[in-house]
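J.: Below is one structure. I have some questions about it.
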Amino acid sequence: MSISKAKLNKEVRGNIIVRTTWIGILSNFLIATLKLVVGFFSHSIAVQSDGINNVTDVLSSLTTLVGYKLASRDSSRTYPMGFGRIEYISGTLVGAIIIYAGFDFLWTSIDRIINPIDVTFIPLQIILLSCTIIAKIFLARYNIHQGKRAQSDALIASGQDAFSDVLYSSVIVISALVMMLTNVKIDGYIGVLVSLMILWVGIKSITDILKKMIGIHPDKELSLRLIEAVRKFPPIEGGHDLLLHDYGPLTQVGNMCLEFPTDASLSDAYNAIQDAREYIYQEFGIDFVFSISCLTDHNSEGHKVVNGLIKDVPHVISVHAVHHEKQAQMLSFHVVVDTDVKNKESLKELLEERLKEIYPHYQFFIIVEYDTIG
């Protein structure tokens with residue numbers, strides 16, 4: 001079971017990661033040695049490539065371990081949010097190692113197709129290779145389980161990679177049986193297939209991590225749960241403009257604009273904000289900074305005008321933070337749009353032109369923003 005980020009002690013997380021990583025290093029070292037020995041005596045490039053793939057797993061685990069050690073350092077004056085993103089950098093290095101190994105054995109396998117040699121297997125070698133598959137299944141399940149406990153993407157990725165190894169090794173064992181029984185030379189072709197699978201794992205590993213480093217759309221379910229959480233603390237009526245910033249597996253910072261009725265007192269708003277911030281940190285492990293917006297009654301004239309205005313405007317998803325001051329002749333609101341809108345200013349000008357027809361003497365404060373909830 002995964003532990004709440006706020007409740008997951010850094011020391012406990014560190015112990016899980018270090019212990020699991022060392023188990024992976026030792027297991028993969030033994031598996032790689034066994035496969036390389038079998039590949040050497042059988043002259044099978046496919047088995048050798050699978051063995052080297054396990055060597056890259058050892059290197060990957062060592063990189064993950066070094067990355068974790070660097071990332072777990074305390075924050076500094078220069079880096080106040082800590083060094084958690086180093087784990088993501090180490091993950092990209094792991095992906096690069098996997099891709100290099102994949103290309104290397106792809107060329108070797110192609111050469112084996114052009115210049116085939118005799119490959120010989122004996123039953124004992126098939127049995128040994130089958131044992132490595134069973135070991136990898138247990139290692140994969142263990143890594144994924146411990147990765148979820150420690151909230152470590154690197155460990156989960158190692159577990160998923162181990163399941164991929166199970167597939168590669170199964171294909172190789174089947175091909176070894178075919179070559180042993182029929183003497184058909186398919187070793188080079190199997191080597192190409194395994195190499196392509198290795199390349200796919202490496203590329204996927206890097207792209208998944210780069211998405212986090214660049215910044216991806218927040219998880220919709222989490223976003224809705226966060227907005228629902230702030231509603232537990234009246235007079236907060238809701239929230240919008242949600243942003244989440246990821247500084248590593250255990251460090252997230254959030255921004256949200258909270259919605260309050262116009263008659264809420266500053267004291268009540270302040271107390272509600274403090275309670276909401278503490279609650280969200282304890283439940284989600286996210287440190288939030290809140291801003292405030294005052295709401296006009298949803299049945300007011302301003303709300304009705306704005307909602308009627310956006311009905312036929314393409315790519316507009318919703319409006320919020322509508323604030324209508326008749327005496328001051330002011331109308332402000334936020335418009336949420338999808339990413340197909342490339343020119344926010346043009347949309348803003350269109351809305352202002354339409355509003356001028358209704359309120360010719362008003363000032364309008366319109367903010368056009370992209371959807372961050374989905």
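J.: Listed residues HIS324, HIS361; which is open to solvent by less than 60 Å² (accessible area, probe 1.4 Å) and at negative phi?
T.: HIS324
J.: Any chance the stretch 84-91 includes a residue that's over 17 Å from ALA176 (Cβ atoms) and polar (S, T, N, Q)? Don't jump to the end; show me each part of the working.
T.: Initial filter on the stretch 84-91 (over 17 Å from ALA176 (Cβ atoms)): 84-91.
Imposing the further condition that a residue be polar (S, T, N, Q) reduces the set to 90.
The answer is yes, given that some residue of the stretch 84-91 is over 17 Å from ALA176 (Cβ atoms) and polar (S, T, N, Q).
J.: Within the stretch 198-219, track down each residue that is part of a helix (DSSP H, G or I) and within 12 Å of HIS245 (Cα to Cα).
T.: In the first step, residues of the stretch 198-219 are kept if they are part of a helix (DSSP H, G or I); the result is 198-214.
LYS212, MET213, ILE214, listed by residue number.
J.: Separate question: Does THR33 meet the test of being open to solvent by less than 10 Å² (accessible area, probe 1.4 Å) and either more than 16 Å from GLY202 (Cβ to Cβ) or free of Cβ contacts under 8 Å to residues at least 12 places away in the same chain (or both)?
T.: Values: open to solvent by less than 10 Å² (accessible area, probe 1.4 Å): no; either more than 16 Å from GLY202 (Cβ to Cβ) or free of Cβ contacts under 8 Å to residues at least 12 places away in the same chain (or both): yes.
Considered against the rule, which asks whether it is open to solvent by less than 10 Å² (accessible area, probe 1.4 Å) and either more than 16 Å from GLY202 (Cβ to Cβ) or free of Cβ contacts under 8 Å to residues at least 12 places away in the same chain (or both), THR33 comes out as no.
J.: How do the pairs read when you match residues in the stretch 258-286 that are under 17 Å from LEU244 (Cβ atoms) and without any contact (Cβ under 8 Å) to a residue 60 or more places away in the chain with residues anywhere that are open to solvent by less than 30 Å² (accessible area, probe 1.4 Å) and β-branched (Val, Ile, Thr), using Cβ under 8 Å and keeping only pairs 6 or more apart or on different chains?
T.: Taking only residues 6 or more apart or on different chains, the pairs are LEU258/VAL230; LEU258/ILE236; LEU258/ILE273; ALA276/VAL230; ALA276/ILE236; ILE280/VAL230; ILE280/ILE286.
J.: Search the stretch 105-126 for residues that are under 13 Å from LYS185 (Cβ atoms) and pair each with any residue that is among the aliphatic types (A, V, I, L, M) and surrounded by 13 or more Cβ atoms within 10 Å (Cβ to Cβ) when their beta-carbon atoms are under 6 Å apart and the residues are at least 6 apart or on different chains.
T.: SER109/ILE45; SER109/VAL192; ARG112/ILE45; VAL119/MET179; PHE121/ALA176; PHE121/MET180
J.: For the stretch 266-284, check the following and say yes or no: at least one residue is over 38 Å from the mean Cα position of the chain (by Cα) and part of a loop (DSSP other than H, G, I, E, B).
T.: Checking the stretch 266-284: not a single residue is over 38 Å from the mean Cα position of the chain (by Cα) and part of a loop (DSSP other than H, G, I, E, B).
J.: Same structure again: From GLY51, GLY102, grab the single residue that is free of Cβ contacts under 8 Å to residues at least 24 places away in the same chain and closer than 30 Å to VAL38 by Cβ. Show your work before the answer.
T.: Details: GLY102 fails: free of Cβ contacts under 8 Å to residues at least 24 places away in the same chain.
Answer to the selection: GLY51.
J.: In this structure, is ILE98 more than 30 Å from TYR281 (Cα to Cα), open to solvent by 30 Å² or more (accessible area, probe 1.4 Å) and assigned to a helix (DSSP H, G or I)? Reasoning before the result, please.
T.: Details: more than 30 Å from TYR281 (Cα to Cα): yes; open to solvent by 30 Å² or more (accessible area, probe 1.4 Å): no; assigned to a helix (DSSP H, G or I): yes.
Answer is no for this residue.
J.: Would you pick out the residues in the stretch 180-201 that are over 30 Å from ALA154 (Cβ atoms) and open to solvent by 20 Å² or more (accessible area, probe 1.4 Å)?
T.: Quick first cut of the stretch 180-201, residues over 30 Å from ALA154 (Cβ atoms) only: 180-189.
MET180, LEU181, THR182, ASN183, VAL184, LYS185, ILE186, TYR189, listed by residue number.
J.: Continuing with this model, one more query. Every residue in the stretch 65-95 that is open to solvent by 20 Å² or more (accessible area, probe 1.4 Å), part of a helix (DSSP H, G or I) and polar (S, T, N, Q), please.
T.: THR92
J.: Please verify whether the stretch 330-345 includes one or more residues that are part of a helix (DSSP H, G or I), within 19 Å of ASP241 (Cβ to Cβ) and either polar (S, T, N, Q) or open to solvent by less than 30 Å² (accessible area, probe 1.4 Å) (or both).
T.: No, the stretch 330-345 contains no residue that is part of a helix (DSSP H, G or I), within 19 Å of ASP241 (Cβ to Cβ) and either polar (S, T, N, Q) or open to solvent by less than 30 Å² (accessible area, probe 1.4 Å) (or both).
J.: Name the single residue that is surrounded by the most Cβ atoms within 10 Å (Cβ to Cβ) among those in the stretch 223-247 being assigned to a loop (DSSP other than H, G, I, E, B) and touching an Asp or Glu at 6+ places or on another chain (Cβ under 6 Å). Walk me through it before giving the result.
T.: Filtering the stretch 223-247 for residues assigned to a loop (DSSP other than H, G, I, E, B) gives 231-237, 247.
From what is left, the residues that are touching an Asp or Glu at 6+ places or on another chain (Cβ under 6 Å) are 233, 235, 237.
Details: PHE233: 19, PRO235: 15, GLU237: 14.
Checking each candidate, the answer is PHE233.
The values are calculated or read from the model by the stated rules, or taken from the named source; none is laboratory data. Bear in mind the structure is a predicted one, so any value in this text is a computation, not a measurement. FYI the Cβ positions are ideal-geometry reconstructions off the backbone, even for glycines, and counts take in every protein chain you see. All accessible areas refer to the heavy atoms of the entire protein, side chains included, with ligands and DNA or RNA removed. Shrake-Rupley method; radii C 1.70, N 1.55, O 1.52, S 1.80 Å.
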